[in-house]
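Working notes, structure below.
The values are calculated or read from the model by the stated rules, or taken from the named source; none is laboratory data. Note that this is a predicted model, so its numbers are computed, not measured. A quick note on method: Cβ atoms are made from the backbone with ideal geometry, for glycine too, and the neighbour counts reach across all protein chains shown. SASA here: full protein model, heavy atoms, side chains in, ligands and nucleic acids out. Shrake-Rupley method; radii C 1.70, N 1.55, O 1.52, S 1.80 Å.
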Amino acid sequence: MNPHQLPDEWGRFGPYGGKYAPEVLMPALEELEGFYNQVQGDAAFHQELDGLLRDFVGRPSPLYFAERLTELCRGAKVYLKREDLNHTGAHKINNSVGQVLIARRMGKKRIIAETGAGQHGVATATAAARFGMECVIYMGRVDMERQAPNVHRMKLLGAEVVPVDSGSMTLKDAINEAIRDWVTHIRDTHYVFGSVLGPHPYPKIVRDFQKIIGIETETQMQEKEKRLPDVLVACVGGGSNAMGLFYNFLDKPSVRLVGVEAGGEGIATGRHAARFEGGTLGILHGTRSYVLQTPQGQIAETHSISAGLDYPSVGPEHAFYRDQKRIEFASITDLEALNAFHTLCRLEGIIPALESSHAVAHALKLAPTLPKETLLVINLSGRGDKDLQTVLDTMTPESGSPGQQAVPKTTGAVKR
Amino acid sequence: MNRIDAAFVRLREKKQKAFIPYIAAGVPGFKETVDIALDLEAAGADILELGYPFSDPMADGAVNQLAANRALQNGLNDEAYLDIVRGIRTKSQLPIVVFSYLNPIFKLGMADFARRAKEAGVDGFLLVDMPVEESAEFQETCRTLDLRLIFLAAPTTTPVRLQRLLREASGFLYYISRTGITGERAGFEENFEEKLRAVKAASKLPVVVGFGISTPEQVRAVCALCDGAVVGSALVRRTLDDKPFADLREELRGVARALISPTKEIWP
């Protein structure tokens with residue numbers, strides 16, 4: 001199986017993926033695919049994109065040897081891929097800049113996007129500001145509260161942030177509302193999908209704009225260690241940072257790929273967002289993949305302390321490579337993620353996003369079990385400034401350590 | 001003959017147009033849905049689109065979102081839905097189309113649910129997020145069961161796509177009056193008439209128009225151009241009101257009669 005031939009022309013990764021969209025959107029998806037294929041061979045496009053990634057985004061992001069984390073683990077040698085050092089503080093900007101460049105070529109005047117943690121919203125607002133385009137960001141009310149700093153950033157960048165009050169008021173509802181906007185303003189608007197989700201060609205486009213993470217990681221590891229890494233660990237909400245890191249290594253079988261889902265308050269409690277542990281095959285937001293849903297096919301309520309992982313489905317390419325046993329998946333609870341957050345703050349002087357903290361937490365479990373010559377890379381997909389309030393709410397003033405209970409979140413109608 | 005096909009044959013003979021109401025199954029209640037359906041038929045409705053709720057209805061406006069939530073809160077599931085269909089079918093031959101999204105039907109098992117629906121008295125399916133390109137398997141299921149598979153065409157649909165839709169569609173073609181979500185609106189899309197005429201000219205199937213139609217004047221305007229009108233939110237909105245069911249029925253009957261009247265004139 002050559003991973004570079006997937007998806008097929010209909011957007012399928014084996015039984016996953018596809019193009020399940022209302023008729024109004026179908027011509028727009030065809031148009032987007034057409035333009036995307038066109039820019040593949042367009043040197044001027046790539047020159048412009050590469051220039052922006054270098055001078056505006058700040059790429060390449062460093063591959064950093066986490067010396068004290070490695071000492072703590074007494075096992076594998078731990079590296080951090082520092083996507084948190086990108087402009088706007090996460091990997092999301094790689095995709096937003098690329099899609100906004102395509103939108104300009106398509107002659108679109110208006111940009112819309114959904115956002116969960118706010119990182120994709122900020123990245124898209126940033127790219128839209130850079131190119132003088134109108135920008136509207138949809139964000140669930142619950143996420144606006146828990147990621148307030150990002151809401152302010154988007155507004156400063158000139159975007160309109162529309163609160164979404166339907167459903168669980170989180171990422172999935174923001175996507176619903178963005179799709180409703182798109183079907184209404186289809187002619188002049190481009191929807192910058194933020195993850196390897198949605199109808200074809202989005203999972204492919206987003207992956208292609210994010211695969212630079214893995215390509216850089218290989219080069220940087222060759223420079224530092226003169227060989228390939230052994231283990232890659234990344235958190236998986238929709239799965240864009242993980243696919244961005246993994247894609248370049250899919251056909252290098254010596255490299256172990258580990259995706260980390262949000263275990264919320266524990267899989268047994270039902271309050272989580274671990275699609276591969278509690279999900280079944282379904283179709284949500286245009287793609288066929290694992291979905292947390294009821295036996296009746298109604299989408300279930302999810303929970304995670306991290307807004308960016310709090311989503312009931314997962315990128316179809318992840319589902320495919322899980323079946324192939326090429327990518328393995330684990331889950332990390334809210335509390336484990338919080339502990340890892342504090343560990344990274346204190347040992348390395350890096351405040352990670354709560355999403356990325358899930359990857360750190362799993363690496364902290366994994367690294368001690370591995371021989372010391374093992375090279376382990378954590379994708380530090382974003383920085384944690386946006387999460388300060390969430391984290392502070394879990395801490396007691398005296399101890400400065402996380403409390404026993406992560407912040408509970410009450411939402412929506414459908415119970416799993 | 002499939003009841004949907006029979007309805008259009010009858011309308012053609014009478015030189016009338018189709019009135020196709022959309023209502024949300026389970027709103028305001030299960031038994032009430034049956035009563036509303038029978039009232040609509042008595043008022044002159046020709047085909048019923050019976051909404052099967054989905055938790056994340058991404059092509060629907062606020063009214064139909066709220067109705068889907070209400071139905072789910074009321075405990076509507078596959079069995080309750082089919083009970084409503086059976087309830088209507090014991091007293092009526094009104095053609096019934098299951099109007100939903102792909103996921104609930106997929107999760108229930110598409111072939112299995114289609115078979116159960118057929119047995120209960122359903123005549124066709126319309127799944128908003130199942131484009132024609134993803135429909136091959138279900139197409140076969142529907143053909144085997146003599147169910148009609150109805151597709152939407154939109155103002156953005158290109159001539160090439162329209163040809164494909166018309167090859168695959170059965171029952172009737174549902175043309176969306178403008179890009180956007182479901183809900184009541186004041187006007188139609190720019191070049192609406194021109195586009196609808198082109199669709200109508202290309203189609204061997206009856207063409208009906210929906211999305212945003214809420215007044216008798218709009219129904220009349222649509223009937224002049226095609227084979228019928230779909231009205232959803234203007235009816236569903238009223239079923240969400242908190243009032244005695246007898247009053248709601250009376251109101252709906254009045255609204256339906258006014259909306260239906262243009263379709264039952266003699267159209268040359």
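Students often check this: by mean Cβ neighbours within 10 Å, which of B:237-243, A:253-259 ranks highest, and how do the rest follow?
A:253-259, B:237-243
Shielding of B:47-59 by partners, i.e. mean partner chain Cβ atoms within 10 Å per residue? Please report the intermediate quantities before stating the final value.
Details: counts 0, 0, 0, 0, 0, 1, 2, 5, 19, 15, 3, 16, 9.
Mean shielding count: 5.
Toward the positive end of the charge dipole of segment A:1-68, about the Cα centre and with charges on Cβ (Lys, Arg +1; Asp, Glu -1), which of A:26, A:62, A:40 goes farthest?
A:62
Let me confirm one metric for peptide A:66-77, namely the mean number of other chain beta-carbon atoms within 10 Å of its residues' beta-carbons.
Values: counts 0, 0, 0, 0, 0, 0, 0, 0, 0, 0, 0, 0.
Mean shielding by partner chains, rounded to a whole number: 0.
Calculate, for segment B:3-259, the solvent-accessible area per residue in square angstrom, rolling a 1.4 angstrom probe over the heavy atoms of the protein chains. Present the calculation step by step, with values, prior to reporting the outcome.
On the way: 9240 Å² over 257 residues.
Per-residue accessible area for segment B:3-259 comes out at 36 Å².
With a 1.4 Å probe and all protein chains left in place, how much of the accessible area of the protein assembly as shown comes from carbon and sulfur atoms, in whole percent? Mind showing how you got there, number by number?
Values: 12400 of 23820 Å².
Ligands and nucleic acids excluded, carbon and sulfur give 52 percent.
For chain A, with every protein chain kept in place, what is the accessible area per residue (1.4 Å probe, Å²)? Please list the in-between numbers first.
Values: 13900 Å² over 416 residues.
I get 33 Å² per residue for this part.
With a 1.4 Å probe, what is the total accessible area buried between chains B and A, in Å² rounded to the nearest 100? Could the numbers behind the result be given before it?
On the way: alone 11490 and 15470 Å², together 23820 Å².
Its buried surface, counting both partners, is about 3100 Å².
Please give the charge dipole size of segment A:127-192, origin at the Cα centre, charges +1 on K and R Cβ atoms and -1 on D and E Cβ atoms. Round to the nearest 20 debye. Please report the intermediate quantities before stating the final value.
Values: 8 positive and 9 negative charges, 39 e Å.
About 180 debye.
Which length gain, in nm to one decimal place, applies between residue A:40 and residue A:71 when the Cα-Cα distance is subtracted from 0.36 nm times their residue separation?
Details: separation 31, 0.36 × 31 = 11.16 nm, distance 4.39 nm.
Contour length minus the Cα-Cα distance gives 6.8 nm.
If packing is taken as the average number of other Cβ atoms within 10 Å across a peptide's residues, how do A:357-366, A:200-209 rank, most packed first? If you can, show how the numbers build up before the last one.
Working: A:357-366: 27.4, A:200-209: 24.4.
Result, highest mean Cβ count within 10 Å first: A:357-366, A:200-209.
Once label points are set 7 Å from the Cα along Cα→Cβ at both residue A:251 and residue B:112, what is their separation, rounded to one decimal in nm?
Computed distance between label sites residue A:251 and residue B:112 equals 4.0 nm.
Among DSSP beta bridges whose residues both lie in the protein assembly as shown, state the antiparallel percentage, nearest 5.
Details: 17 of 78 bridges.
About 20 percent, rounded to the nearest 5.
Can you give the mean number of other chain Cβ atoms that lie within 10 Å of the Cβ atoms in peptide B:191-197?
Values: counts 0, 0, 0, 0, 0, 0, 0.
Mean shielding by partner chains, rounded to a whole number: 0.
Can you tell me the order of B:143-154, A:373-384 when each peptide is scored by its average per-residue count of other Cβ atoms within 10 angstrom, highest first?
Numbers: B:143-154: 20.6, A:373-384: 25.2.
The packing order, highest mean first, is A:373-384, B:143-154.
Please check segment B:139-172 for residues whose accessible area, probe 1.4 Å, is lower by 40 Å² or more when all protein chains are in place than in their chain alone.
So the qualifying set is B:156, B:161.
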